[in-house]
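**Student:** Got a structure for you, written out below as structure tokens; questions coming shortly.
The values are calculated or read from the model by the stated rules, or taken from the named source; none is laboratory data. Owing to the predicted nature of the structure, the values given are computational and were not obtained by experimental measurement. So basically every Cβ, Gly included, is an ideal-geometry build from the backbone, and we count neighbours across all protein chains shown. In case anyone asks, the SASA skips ligands and DNA or RNA and just uses the protein heavy atoms, side chains included. Shrake-Rupley method; radii C 1.70, N 1.55, O 1.52, S 1.80 Å.
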Amino acid sequence: MGNHRPTTRSKNKRSRPDENAEATTEILRKIILTKTVTEDDVHQLYNVWRPVCQGCRVNTKDNPNCFCGLIPPPNGSRKSGLWQKTSEIVNSLGPDPSKDLRLSSSTPAGLTNLGATCYANSILQCLYMNKSFREGVFSVEPQILEGEPVLNNLIRLFAQLHYSKMAFVDSASFIQTLELDNSIQQDSHEFLTLLFSLLERCLSQSKVSKARTIVQDLFRGGVSHVTRCSKCGNESEASSKIEDFYGLELNVKGLKSLDASLDDYFSIEELHGDNQFYCDACATRADATRSIKLRSLPAVLNFQLKRCVFLPNTTAKKKITSLFHFPGELNMAQRLSDCSELDLIYDLSAVLIHKGSAVNSGHYTAHIKDDNTDEWWEFDDENVSNLGQEPFGSTSTISTAEIGQIEPVDCSSSAKEKDILLDDNNMNVNQMHSLESNGVSRPKTFSSVDAYMLMYARKASKSDSQRTAVLSGEQKIEKDGSLISQETDGSLPSHILKDIELSNAAYLDSCEQYKSKKEFMLNHIMGRRQEVRLILSKAPVQPLETPYLWISTDWLRHWADTSMPSIIDNTSILCLHGKLPLSSISCAKRLSAEAWTDLFSQFSDSCVKYGGGPTLTKDDYCIDCIFEMGRNMARANIYRDQRLLMKELAEAALSGEHMDGKLYYISKSWLQQWLRRKHIDLPCDADSGPTASIRCPHGELMPELASGAKRVLVPESLWMFFQETAMEVKPDDSVGRSTFSSESEPCAICGIELTEAAFSEDNLREFKLKQRQNHEKLCMNKNIALCPRTKYYLVPSSWLSKWRSYVNAGGKNASSAELDALNNVIDMLLCDKHSKLLERPPELLWKRDLIFQKPSITDGLTIIAEDDWRLFCEDWDGTESKGISATIEIDSDVKDDNIGTCIDTSIPEEHINDGISNGSSRRLLVETSPQVCEECIGDRECSELMRKLHYSNEDICVCLISGKEPPKSILEASGSISEPSRRTSKRSRKSTYGNSVNLNVSGTTSVYQLKMMIWETFGVVKENQILHKGSRVIDGETASLADMNIFPGDILWVTDSKIHENRDIADELSNTNLEVHVTEEGFRGSLLTSAISSQAVSEAYLN
């Protein structure tokens, strides 16, 4: 009953007797003798006398006055429950919606990424931040929106970006309307072009002029392709045609700045020779020039930087990541043909960024300028960051600002890693400050390695304050004589505005609910903690005379560690009499009356309603249970004393000592187990069945030769003790305590069965011995020398292997299962169509002028002697005439006297390949009857080959050879055909091939992909790899491994020619993809490329 904790240091030492247990025994013995229970006895038995525990680490079970460990220390916490960390309690409420609250109305909102929709998010943010475009689409009539779901969802998305209280908006509705695949990354410029085309069709039905042509008015310009005759100066008829554009696609490869790309775009191409132009005026072919002329400019000018180039040698695309410079202010007056204005200034308004080195992957972000505040913002899906007054931020880790020089440009690695702020002139920082102090402002130039699209907005001048278009002899953009308002947004449709107001209200309400719920929970938790500490401080009871009550430790622990405790529950510590038994003292605590009152008053209503409690006072100890425990203790003492006496008799019986009187049989193993048990106070289940294992199914004594029937004679007194205890434990089990006196005879029926089984085992043993003697060499797996023109027979190697295992098995490994009948085995070797042999005979080889067959363990056929076949037929149900005979023949050009004498020579199979006469030119043939069916074998091998060619996710071994020639072991292993059934020596199976690796491949894996794996593993560039299988060189890169007869388990070896220079594998990976190329689908299947009208889409949505 004491607080005894054995440690690992003393785990093998015998524990000392518990003084409290001895005191309890004495008190119970006194109670049984006097038949009275005093108050002092109760105090001793229920451990009331124990002092109040102070500061132990865990709650002591045998001390009802210990309340330690129920709560953590003042500054402590737990992983769960009432005392876990406050942050974890708050996390259990779920995410805080207020974290997604928009900081202010001037802070733009982000868009959710639905998987791979960052390309669409970046474009949509660029369009939304264009105030004129946003105002134009907001002015569309509500009745038009009802039939145009694309336009309706776009306006709804823009309205949410403008008015939503959340920091980001869900773009799923608009993306789903376009029927885009969220999991596929697309090109942002292609998306913008197709979106403009779709919006033009949708907006064309509007009667509001500001909305109907907003896309054309803001983003459409005009160019013409001019072809001029160098001889007469005449221009072609097509030169006068003006083509619309929504963005200029500029080359980046080999060009360093926007000006250089524009020069390249508008450059003049000379047409000479075969490219001469047919001039109508000259009526002949003549030299000419071809160029692009810029006829008109839009209000918003988009430049698409062609960073993706096609590589003809690899038929793949590669991204150009060179540094590219672009100005913050662009004058397009000199670029426009027939321009009457000196300045046509555009300000940089947005930069679309594509991060990543691959073309078909990566991530799109947008840096956009707010026209109202001139501040730049970075839009990265849901995240929006303020960049200040510069497009790449002044303190951003992505870019830094420096004063430099445009030509020449530093394209070093350090320059490529950052976006650099440049000045048009070659000047240092001091010169820059000097110019600015003198009132001279110099335009800034920015540079980036990831800029993918540039957007410039035309800066309005005083002369065109009422226009937004660039004029080229005529007005380009005009709407009812006034510009689109840049000050205020157009009015939103009422239904959209109402939905947004409801959404904002619901969101703000969820924030308030979370806040209230959080405050309530934290206040409740703090209050519960204070309450628990207060009540536990009142719980201990010091004097014995003070009133106290008993409470369940489990309930108290649950109450002290739960924010919402249940009602008081003492039922788990009650006995059948509704009192507190002595056995429950370790599960109960002694609680002060004051603490009980606080607890009970708190849960009083619940107790009455749900039957909580019951209340256990100091007088509610169970006298009946105390007397019952005393009687059990007395019985235990008597049983221990009896068992001690019986143990001496049991040990004497096991030792074989002579005993007088009547004797009885019991199980020997049961008696041994009975003796091993220690510290037994009362009979248990193990005391039942002393004769169960020696009783046969017929109810008689089992013969001792039977398994588990060993028995021993015990005296009558010991047997009676065993029988009584077994009856006490299992009174209904009469079979397990059957009485067998020393005169009992073993069961005759079981004796006969055992004799027959032993006789059958003797016969089987004799049969196997005869088999081993008749077929000694086959049994020992020895290969015998064969003679030409001698009749032999063929049997399957698999059947012979099973026969060898059967006849050699003995003892516990002996099996009574016999082999298949030989007639059935031979029938399976013949084809149904021609009744010919479906297996080729084994190969033969010479060794010291003797003929041997190559061994085969499980597959193929084995040659055996005629006598072996005859004896097999007698023992294994075979017909001698149905056998497959074989005769060895030699080429006629070889004389018989060159053949060694056929003697009875045998050799173990593992040494059969040693010392082969490789120089012999004699060819050996095996003629069989019936003959081999080459037609059926060919069909089977063809199907097996096809199966081998279509493997997937299998391993091959590749060895890197440093020298010119590989080791012989690798060459032989690489050249051999992999046969899973082929037997190899242990030494060969454990061989490793130095610098080797297992690669997981499939039959469709190309040689190119395999070389890329080797490059990644060994660091040998694919151009330097010379790949071999055996002595054969594997050439080409487009062929598959199956085409090159490379199968699972094959061993290849590769050498490094070191002809080409080493390079980083990342360059190759960026040019091509190791996976099978899939045809780019683009936006095929989406609404952007669909010919279905918007009205049809709207009807489909309504349905």
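**Student:** Looking only at the stretch 65-101, filter to residues that are more than 26 Å from C587 (Cβ to Cβ) and either over 36 Å from the mean Cα position of the chain (by Cα) or aliphatic (A, V, I, L, M) (or both); which one of those is least open to solvent (accessible area, probe 1.4 Å)? Let's see the steps before the verdict.
**Tutor:** If we filter the stretch 65-101 for residues that are more than 26 Å from C587 (Cβ to Cβ), which is where we start, we get 74-75, 77, 85-101.
Then keep just the ones that are either over 36 Å from the mean Cα position of the chain (by Cα) or aliphatic (A, V, I, L, M) (or both); that gives 74-75, 89-90, 93, 101.
Details: P74: 112, N75: 160, I89: 8, V90: 24, L93: 34, L101: 71 Å².
Applying the filter and picking the extreme gives I89.
**Student:** Name the residues in the stretch 745-760 that are surrounded by 14 or more Cβ atoms within 10 Å (Cβ to Cβ) and outside any helix (DSSP H, G or I), would you?
**Tutor:** P746, C747, listed by residue number.
**Student:** Continuing with the same structure: On the given criteria, is G656 modelled with pLDDT under 90 and within 19 Å of G736 (Cβ to Cβ)? Give the steps one after another, and end with the answer.
**Tutor:** Numbers: modelled with pLDDT under 90: yes; within 19 Å of G736 (Cβ to Cβ): no.
Here the answer is no, as G656 does not meet what is asked.
**Student:** Taking only the stretch 606-621 into account, find how many residues are modelled with pLDDT under 75, out of contact with any strand residue (DSSP E or B) (no Cβ under 6 Å at 6 or more places or on another chain) and open to solvent by less than 50 Å² (accessible area, probe 1.4 Å).
**Tutor:** Residues of the stretch 606-621 that are modelled with pLDDT under 75, as a first pass: 606-612.
Keeping just the survivors that are out of contact with any strand residue (DSSP E or B) (no Cβ under 6 Å at 6 or more places or on another chain) gives 606, 608-612.
Remaining after also requiring open to solvent by less than 50 Å² (accessible area, probe 1.4 Å): 606, 612.
Looking only at that region, the number is 2.
**Student:** Can you tell me which residue in the stretch 261-310 is farthest from A460 (Cα to Cα), limited to those that are hydroxyl-bearing (S, T, Y) and free of Cβ contacts under 8 Å to residues at least 24 places away in the same chain? Write out each step before concluding.
**Tutor:** Of the stretch 261-310, the ones hydroxyl-bearing (S, T, Y) are 261, 265, 267, 278, 284, 289, 291, 296.
Retained after the next criterion (residues that are free of Cβ contacts under 8 Å to residues at least 24 places away in the same chain): 278, 284.
Numbers: Y278: 44, T284: 48 Å.
The extreme case among them is T284.
**Student:** Assuming V359 fulfils every condition listed in (1) within 21 Å of K317 (Cβ to Cβ); (2) open to solvent by 40 Å² or more (accessible area, probe 1.4 Å) apart from one, which condition is it?
**Tutor:** Just one mismatch for V359, condition (2).
**Student:** Can you work out which of the residues in the stretch 950-967 that are closer than 14 Å to D1050 by Cα and open to solvent by less than 40 Å² (accessible area, probe 1.4 Å) is farthest from the chain's Cα centre (by Cα)?
**Tutor:** This residue is C959.
**Student:** Next up: Within the stretch 790-818, track down each residue that is within 47 Å of the chain's Cα centre (by Cα) and modelled with pLDDT under 85.
**Tutor:** Matches in the stretch 790-818: A809, K812, N813, A814, S815, A817.
**Student:** Also: Among I680, I666, which is within 17 Å of P715 (Cα to Cα), of a type in the set (V, I, T) and out of contact with any Asp or Glu (no Cβ under 7 Å at 6 or more places or on another chain)? So that I can check it myself, show each step before the final result.
**Tutor:** Values: I680 fails: within 17 Å of P715 (Cα to Cα).
After applying the criteria, what remains is I666.
**Student:** Something else about it: Please find, within the stretch 515-530, the residue that is farthest from the chain's Cα centre (by Cα) out of those that are open to solvent by less than 60 Å² (accessible area, probe 1.4 Å) and without any contact (Cβ under 8 Å) to a residue 40 or more places away in the chain.
**Tutor:** By that ranking, first place goes to G527.
**Student:** Which condition number does E378 fail, the rest of (1) at pLDDT 50 or above; (2) not in a strand (DSSP E or B) being met?
**Tutor:** Every listed condition holds for E378 apart from (2).
**Student:** Same structure again: Out of the stretch 535-549, which residues are in a helix (DSSP H, G or I) and surrounded by fewer than 12 Cβ atoms within 10 Å (Cβ to Cβ)? Walk me through it before giving the result.
**Tutor:** Let us first name the residues in the stretch 535-549 that are in a helix (DSSP H, G or I), namely 535-538.
Correct list: S537 only.
**Student:** Here's a follow-up. In the stretch 232-259, what residues are of a type in the set (A, V, I, L, M, F, W, C) and either more than 23 Å from E329 (Cβ to Cβ) or open to solvent by 60 Å² or more (accessible area, probe 1.4 Å) (or both)? Quick ask: steps written out before the conclusion?
**Tutor:** Looking only at the stretch 232-259, we keep the residues that are of a type in the set (A, V, I, L, M, F, W, C), and these are 232, 238, 242, 245, 248, 250, 252, 255, 258.
Once the filter is applied, which keeps residues that are of a type in the set (A, V, I, L, M, F, W, C) and either more than 23 Å from E329 (Cβ to Cβ) or open to solvent by 60 Å² or more (accessible area, probe 1.4 Å) (or both), the stretch 232-259 yields C232, A238, I242.
**Student:** How many residues does the stretch 297-316 contain that are in contact with a helix residue (DSSP H, G or I) (Cβ under 7 Å, 6 or more places away or on another chain), at pLDDT 80 or above, part of a strand (DSSP E or B) and of a type in the set (A, V, I, L, M)?
**Tutor:** Residues flagged as in contact with a helix residue (DSSP H, G or I) (Cβ under 7 Å, 6 or more places away or on another chain), at pLDDT 80 or above, part of a strand (DSSP E or B) and of a type in the set (A, V, I, L, M) within the stretch 297-316 amount to 1.
**Student:** Here's another thing I want to ask about it. Within the set of pairs 6+ apart or on separate chains, which have a first residue in the stretch 705-734 that is in contact (Cβ under 8 Å) with a residue 24 or more places away in the chain and open to solvent by less than 60 Å² (accessible area, probe 1.4 Å), a second that is among the small types (G, A, S) and not in a strand (DSSP E or B), and C-beta atoms under 6 Å apart?
**Tutor:** G708/S693; V712/A653; L713/S742; V714/A653; P715/G661; A726/S688; V729/S688; D733/S688
**Student:** Could you please let me know if G630 is modelled with pLDDT of 85 or more and either part of a loop (DSSP other than H, G, I, E, B) or in contact with a His (Cβ under 7 Å, 6 or more places away or on another chain) (or both)? Give the derivation first.
**Tutor:** Details: modelled with pLDDT of 85 or more: yes; either part of a loop (DSSP other than H, G, I, E, B) or in contact with a His (Cβ under 7 Å, 6 or more places away or on another chain) (or both): no.
No, not satisfied.
**Student:** State all residues of the stretch 863-889 that are out of contact with any strand residue (DSSP E or B) (no Cβ under 6 Å at 6 or more places or on another chain) and open to solvent by less than 40 Å² (accessible area, probe 1.4 Å); if no residue qualifies, say none.
**Tutor:** We begin by selecting, within the stretch 863-889, every residue out of contact with any strand residue (DSSP E or B) (no Cβ under 6 Å at 6 or more places or on another chain); these are 865, 867-868, 870-882.
Result: A865, D868, L871, F872, C873, W876, G878.
**Student:** Looking at the stretch 67-93, which of its residues are without any contact (Cβ under 8 Å) to a residue 24 or more places away in the chain and part of a loop (DSSP other than H, G, I, E, B)?
**Tutor:** Here is the first cut: in the stretch 67-93, the ones without any contact (Cβ under 8 Å) to a residue 24 or more places away in the chain are 68-69, 72-77, 79-80, 84-85, 87-88, 91-92.
Those that are without any contact (Cβ under 8 Å) to a residue 24 or more places away in the chain and part of a loop (DSSP other than H, G, I, E, B): C68, G69, P72, P73, P74, N75, G76, S77, K79, S80, K85, S92.
**Student:** If you don't mind, another one. Quick one: in the stretch 373-384, of everything that is over 20 Å from K355 (Cβ atoms) and without any contact (Cβ under 8 Å) to a residue 60 or more places away in the chain, which residue is most open to solvent (accessible area, probe 1.4 Å)?
**Tutor:** Filtering the stretch 373-384 for residues over 20 Å from K355 (Cβ atoms) gives 373-375.
Next, only the ones that are without any contact (Cβ under 8 Å) to a residue 60 or more places away in the chain stay: 374-375.
Numbers: D374: 73, E375: 55 Å².
Per the criteria, the residue is D374.
**Student:** Among the residues of the stretch 114-136, is there at least one that is within 17 Å of L497 (Cα to Cα) and open to solvent by less than 10 Å² (accessible area, probe 1.4 Å)?
**Tutor:** The answer is yes; a qualifying residue exists.
**Student:** Could you pull out the residue among L218, L262, L198 that is within 19 Å of L305 (Cα to Cα) and buried (at least 19 other Cβ atoms within 10 Å of the Cβ)?
**Tutor:** Numbers: L218 fails: within 19 Å of L305 (Cα to Cα); L198 fails: within 19 Å of L305 (Cα to Cα).
Selected residue: L262, the only one of L218, L262, L198 that is within 19 Å of L305 (Cα to Cα) and buried (at least 19 other Cβ atoms within 10 Å of the Cβ).
**Student:** Report yes if T60 is exposed (fewer than 14 other Cβ atoms within 10 Å of the Cβ) and β-branched (V, I, T), otherwise no. Please lay out each step first, then the result.
**Tutor:** Working: exposed (fewer than 14 other Cβ atoms within 10 Å of the Cβ): no; β-branched (V, I, T): yes.
In short, no.
**Student:** With respect to V215, determine if the residue is in contact with a Lys or Arg (Cβ under 8 Å, 6 or more places away or on another chain) and among the β-branched types (V, I, T).
**Tutor:** Numbers: in contact with a Lys or Arg (Cβ under 8 Å, 6 or more places away or on another chain): no; among the β-branched types (V, I, T): yes.
So V215 does not fit the description; no.
**Student:** Those residues that are hydroxyl-bearing (S, T, Y), part of a loop (DSSP other than H, G, I, E, B) and touching a Leu at 6+ places or on another chain (Cβ under 8 Å), I need them from the stretch 717-744; list them, please. Don't jump to the end; show me each part of the working.
**Tutor:** Residues of the stretch 717-744 hydroxyl-bearing (S, T, Y): 717, 725, 734, 738-739, 741-742, 744.
Pick out the ones that are also part of a loop (DSSP other than H, G, I, E, B) and you get 734, 738-739, 742, 744.
Result: S742, S744.
**Student:** Turning to a different aspect of this structure: Among the numbered criteria (1) among the aliphatic types (A, V, I, L, M); (2) without any contact (Cβ under 8 Å) to a residue 24 or more places away in the chain; (3) under 24 Å from S584 (Cβ atoms), which one does L33 miss?
**Tutor:** Tallying (1) among the aliphatic types (A, V, I, L, M); (2) without any contact (Cβ under 8 Å) to a residue 24 or more places away in the chain; (3) under 24 Å from S584 (Cβ atoms), L33 fails exactly one: (3).
**Student:** Regarding the stretch 202-211, can at least one residue be identified that is open to solvent by less than 50 Å² (accessible area, probe 1.4 Å), farther than 29 Å from C118 by Cβ and free of Cβ contacts under 8 Å to residues at least 12 places away in the same chain? Talk me through it step by step, then tell me what you get.
**Tutor:** To start, the set of residues in the stretch 202-211 that are open to solvent by less than 50 Å² (accessible area, probe 1.4 Å) comprises 202-203, 206, 208-209, 211.
Next, only the ones that are farther than 29 Å from C118 by Cβ stay: 206, 208-209.
Subset that is free of Cβ contacts under 8 Å to residues at least 12 places away in the same chain: none.
The answer is no, given that none of the residues of the stretch 202-211 is open to solvent by less than 50 Å² (accessible area, probe 1.4 Å), farther than 29 Å from C118 by Cβ and free of Cβ contacts under 8 Å to residues at least 12 places away in the same chain.
**Student:** Name the single residue, out of those in the stretch 637-688 being of a type in the set (S, T, Y) and in contact (Cβ under 8 Å) with a residue 24 or more places away in the chain, that is surrounded by the fewest Cβ atoms within 10 Å (Cβ to Cβ). Spell out how you get there, then give the answer.
**Tutor:** As a first pass, look at the stretch 637-688 and keep what is of a type in the set (S, T, Y): 639, 655, 664-665, 667, 669, 688.
Going one step further and asking which of them are in contact (Cβ under 8 Å) with a residue 24 or more places away in the chain, we end up with 639, 664-665, 667, 669, 688.
Numbers: Y639: 17, Y664: 22, Y665: 23, S667: 23, S669: 15, S688: 20.
Per the criteria, the residue is S669.
**Student:** While we're here: Only one of these is more than 42 Å from the chain's Cα centre (by Cα), polar (S, T, N, Q) and closer than 20 Å to D450 by Cα: S357, S322, S349. Name it.
**Tutor:** After ruling out the rest, the residue left standing is S349.
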